[in-house]
Structure formats: structure tokens, C-alpha cells
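Beneath this line is the structure, given in C-alpha cells, with notes to follow.
Throughout, read-outs are computed from the coordinates displayed, never taken from laboratory work. Remember, it's a predicted structure, so these values are computed and weren't measured experimentally. Cβ sites come from the backbone with ideal geometry, for glycine too, and all protein chains shown count toward neighbours.
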Amino acid sequence: MDIYSDDLELEPYQAPLTKQQRRSARVKARLHRNNFREQLTKLNIDVSMLFETDSDLIQMRRKFSKEFFETFEKGFKLYVEGDWKKARKELMKVAILKGMKDKPSENILEFMASHDNQAPQDWTGIRYEE
């Protein structure tokens, strides 16, 4: 299973709610989350497809350019493949294209820097957290 992260802009969803609305929203979110987890464990959901089909994710990602996503994807692919010199170059462009910091790119850049921007000899494309 591949796990990826993404920055989401929540500004369109920051309307103030009453106490009753917050309580109702928490219950709905919990039910949705539990249903989602159940479907994931049954392998009924392709999480990557949600970025193309889920209306909330589409709305939150709308303000970012196609070039932004393509550049991140290219940099991430190079990172996974172990070509960290080229990955660094692409991932450094991401914040410029986004117009603000990009935490997923920054995390990868920091990790690569901690290894002098050279993939370890035994690099398999997977980063294990200690």
C-alpha cells in the first residue's frame, strides 16, 4: 500500500457553527470515518482516486495549478527512485509554484538533506520513521 500526503486548503469550510451544529457535525464525521475505515479494511476504496472524485478534496485543491501538482509528482517520483539530486531540484520549485510553504515537499527535502542529498545504498523508496 502506498501512502502519500497532501496539503489541503480549508478556507472555504471555515464557517462558524453553533454548539448543536458542531455536535451534529462530529457525529456525522465519526460515522463517515468509521464507514470509510470499514471500506478501507475491506479494500473497497482506492484512496488515490478520491482526489479525483471527492467533491471536498476537489474544492480544497482547486486553487493549486496543474504545474504545481505535476512538479510535486515528478519530484516525489525521483525521490522514491533514489535520484535525490533531481528530486531536490523539482521539490524546491513546489513552494514557488504554490506561493507559500509546502510541508510535504519540505519534509522530503529535510529528510534528503539529513542524508547529504544522497539516497542510502539500501534505498528501496520507502522511508521508515524511527
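Key figures
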read-out	value
Gained length - F51 relative to M100, 0.36 nm times residue gap less alpha-carbon distance	15.5 nm
Label-to-label distance, nm, for residues given as E38 and F69 (7 Å Cα→Cβ offset)	3.1
Net length gained if the chain between K89 and K28 were fully extended (0.36 nm per residue, minus Cα distance)	17.7 nm
